[in-house]
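All remarks here apply to the structure that follows.
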Amino acid sequence: MLNFDFYNPTHIAFGKGRIADLATLVPAHAHVLILLGGESARKNGTLDEVRTALGSRQVSEFNGIEPNPSFEKLMLAVEQIKKEKIDFLLAVGGGSVLDGTKFVAAASLYEGDPTEILSSFGAKITQAMPFGSVLTLPATGSEMNNGGVITIKSRGAKLPFLNNNVFPRFSVLDPTKTYTLPQRQLANGVVDAFIHVMEQYLTYPVGGVIQDRFAESLLLTLIEQGPLAVESTDYTARANLMWTATLALNGLIAAGVPSDWGTHMIGHEMTAKYGIDHARTLAVVLPAMMQIRRVAKQEKLLQYAKRVWQITEGSDDDIIDAAIAKTRAFFESLGLPTHLAAYDIGEDGITAILKQLEEHGMVALGERHEVTLAESRKVLEAAL
Ligand code: NZQ
Ligand code: ZN
């Protein structure tokens with residue numbers, strides 16, 4: 001029986017030219033800290049547009065949030081906020097800048113050791129500084145959700161946190177701001193969004209009929225529009241990719257249904273250990289997860305095969321094999337490898353990844369908490 005809460009307070013301003021809306025979205029008397037990644041937003045003019053829209057507001061900058069943002073770097077932003085008495089944060093960048101800003105928003109008002117924000121997976125957050133975002137990379141969904149993932153470099157750990165205090169107040173999504181993205185980042189974005197849907201869809205049926213149909217439409221849109229968006233700067237393709245990636249992880253398709261997230265938890269360890277791009281870790285783990293969990297996920301695998309890939313011929317086993325092969329081929333067609341060998345990771349690497357999973361308590365993953373370390377080993381071995 002469906003029974004759930006659905007809460008999402010983020011205002012979305014979507015379309016070409018919408019950065020100008022910052023003039024009204026940001027409080028008029030705010031002292032704003034703009035948080036940035038490397039050089040991309042400065043080079044492609046996004047930062048200039050943002051500064052123009054902010055008009056006469058007092059504005060400071062914090063530069064250099066890395067891909068897979070680090071606790072160590074972000075704590076420097078917390079210092080700056082306290083010193084300069086900042087009262088509003090504006091993230092300008094991709095998922096890493098957004099996640100980093102969420103962490104900074106919580107950490108700057110946190111009383112106590114801010115690593116507790118991560119060791120409690122966000123549960124200890126009780127307040128956060130208000131913030132908004134200007135998204136430049138469609139992928140993570142961070143622009144409309146209450147989560148983030150932060151790396152503690154000194155511990156080699158990449159840890160997720162979730163809390164309703166870290167929803168952005170607003171996010172500006174201008175598809176033309178994606179025009180300068182390298183193809184690799186666009187392809188990563190398509191696959192990350194695809195796998196966000198899969199983590200919330202490929203579990204077991206609970207009567208969430210509309211959640212399933214929404215999820216399937218997001219997958220079909222990514223299969224159709226994703227390659228177009230990677231290959232060209234066609235506005236329609238970029239706009240559809242951007243909105244699909246947002247809807248893939250804003251809580252809508254997760255309402256009232258089980259979620260897996262095992263692929264992500266294993267993938268985070270691979271990024272922490274080997275520095276592999278987030279989406280690329282997922283492209284390796286998901287097909288192997290589908291293979292190893294094929295019995296537990298059988299009903300949804302058959303539904304996915306039929307409704308997303310139109311596979312109907314053969315035995316149930318044949319249909320599931322074909323669906324896994326199609327998924328793998330889709331990732332490969334976008335240039336993302338689906339085997340550990342592409343990253344020179346063998347049996348020793350698998351043991352190292354499992355050790356990290358154990359250290360971080362990731363020992364009962366999946367929608368039924370059945371993915372023990374032994375099961376994760378099978379998944380990684382199937383990915384060799
Ligand atoms: O740093 P800059 O110079 O901005 O360059 C970035 C970065 O090198 C570049 N880029 C971004 N926008 C650009 C651009 N280059 C040219 N033109 C533009 N318009 O792209 C590179 C990658 O950026 P990053 O923000 O790291 O990528 P992404 O958006 O894929 O974010 C990945 C991070 O998000 C986390 C991941 O774990 C990873 O740390 N995730 C966050 C989630 C969430 N909050 O809900 C869920 C996801 O599953 C994911 O775990
Ligand atoms: Zn992801």
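The values are calculated or read from the model by the stated rules, or taken from the named source; none is laboratory data. Since the model is a prediction, treat every value here as computed from it, not as a measurement. Counting neighbours? That spans all protein chains shown, and the Cβs are built from the backbone with ideal geometry, glycine included. For accessibility, only protein heavy atoms count, side chains too; no ligands or nucleic acids. Shrake-Rupley method; radii C 1.70, N 1.55, O 1.52, S 1.80 Å.
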Checklist line | Subset of region 40-76 that is within 13 Å of ligand 1 (Cβ to nearest atom) and among the basic types (Lys, Arg) - its residue that is nearest to Val149 (Cα to Cα) | finding: Lys73
Checklist line | region 174-195 residues that are assigned by TED's automatic domain parsing to the domain that holds Ile223, paired with ones that are within 16 Å of ligand 2 (Cβ to nearest atom) and among the acidic types (Asp, Glu) (beta carbon under 6 Å, 6 or more apart) | finding: Asn188/Asp277
Next item on the list: Looking for whichever is in contact (Cβ under 8 Å) with a residue 12 or more places away in the chain and surrounded by 13 or more Cβ atoms within 10 Å (Cβ to Cβ) here; the options are Ala342, Ala364. Which one fits?
Entry: Ala342
Next item on the list: Look at Ala41 and say whether it is open to solvent by less than 40 Å² (accessible area, probe 1.4 Å), part of a helix (DSSP H, G or I), at pLDDT 95 or above and in contact with a Ser or Thr (Cβ under 7 Å, 6 or more places away or on another chain).
Entry: yes
Next item on the list: Tell me which residues, restricted to region 133-178, are of a type in the set (D, E, K, R) and farther than 12 Å from Ala13 by Cβ.
Entry: Lys153, Arg155, Lys158, Lys177
Next item on the list: Filter region 287-308 for residues that are hydrophobic (A, V, I, L, M, F, W, C), open to solvent by 10 Å² or more (accessible area, probe 1.4 Å) and under 24 Å from the mean Cα position of the chain (by Cα) and give the result.
Entry: Ile292
Notebook entry, point to check: Looking at (1) loosely packed, with under 15 Cβ neighbours inside 10 Å; (2) within 20 Å of Glu143 (Cβ to Cβ), which is the one condition that is false for Leu2?
Noted result: (2)
Next item on the list: Only residues that are open to solvent by less than 60 Å² (accessible area, probe 1.4 Å) and without any contact (Cβ under 8 Å) to a residue 24 or more places away in the chain: list them for region 345-361, please.
Entry: Gly361
Margin query: Out of the residues in region 66-93 meeting the condition of being of a type in the set (A, V, I, L, M) and outside any helix (DSSP H, G or I), tell me which one is nearest to ligand 2 (Cβ to nearest atom).
Written below: Ala91
Next item on the list: Kindly list, by first and then second residue, each pair from a residue in region 124-140 that is on the phi > 0 side of the Ramachandran plot to a residue that is surrounded by fewer than 24 Cβ atoms within 10 Å (Cβ to Cβ) and assigned to a loop (DSSP other than H, G, I, E, B), limited to pairs with Cβ atoms under 7 Å and residues at least 6 apart or on different chains.
Entry: none
Note to self: So, in region 121-139, exactly how many residues are over 25 Å from Ile266 (Cβ atoms), under 14 Å from the mean Cα position of the chain (by Cα) and open to solvent by 10 Å² or more (accessible area, probe 1.4 Å)?
What the structure shows: 1
Notebook entry, point to check: What is the number of the single condition among (1) under 22 Å from the mean Cα position of the chain (by Cα); (2) surrounded by 21 or more Cβ atoms within 10 Å (Cβ to Cβ) that Ala323 does not meet?
Noted result: (1)
Next item on the list: Please work out if Trp261 is touching a strand residue (DSSP E or B) at 6+ places or on another chain (Cβ under 9 Å), open to solvent by 50 Å² or more (accessible area, probe 1.4 Å), more than 16 Å from ligand 2 (Cβ to nearest atom) and not assigned by TED's automatic domain parsing to the domain that holds Ser142.
Entry: no
Next item on the list: Taking the options Gly141, Gly132, Gly148, name whichever one is near ligand 1 (Cβ under 9 Å from one of its atoms) and within 20 Å of Ala77 (Cα to Cα).
Entry: Gly148
Note to self: Checking the condition within 13 Å of ligand 2 (Cβ to nearest atom) and either part of a loop (DSSP other than H, G, I, E, B) or aliphatic (A, V, I, L, M) (or both), which residue from Val191, Val230 passes?
What the structure shows: Val191
Check: Somewhere in region 149-157, is a residue assigned to a strand (DSSP E or B), under 20 Å from Leu247 (Cα atoms) and of a type in the set (Val, Ile, Thr)?
Finding: yes
Margin query: Out of Ser142, Ser96, I need the residue that is assigned by TED's automatic domain parsing to the domain that holds Arg42, modelled with pLDDT of 95 or more, open to solvent by 10 Å² or more (accessible area, probe 1.4 Å) and within 16 Å of ligand 2 (Cβ to nearest atom). Which one?
Written below: Ser96
Next item on the list: Would you mind telling me which numbered condition in (1) more than 9 Å from ligand 1 (Cβ to nearest atom); (2) among the charged types (D, E, K, R); (3) open to solvent by less than 20 Å² (accessible area, probe 1.4 Å) Lys153 fails?
Entry: (3)
Check: Any idea which of (1) among the aliphatic types (A, V, I, L, M); (2) touching a helix residue (DSSP H, G or I) at 6+ places or on another chain (Cβ under 9 Å); (3) more than 16 Å from ligand 1 (Cβ to nearest atom) is the one Leu181 doesn't satisfy?
Finding: (3)
Notebook entry, point to check: How many of the residues making up region 44-65 are outside any strand (DSSP E or B) and either more than 13 Å from Thr136 (Cβ to Cβ) or open to solvent by less than 20 Å² (accessible area, probe 1.4 Å) (or both)?
Noted result: 14
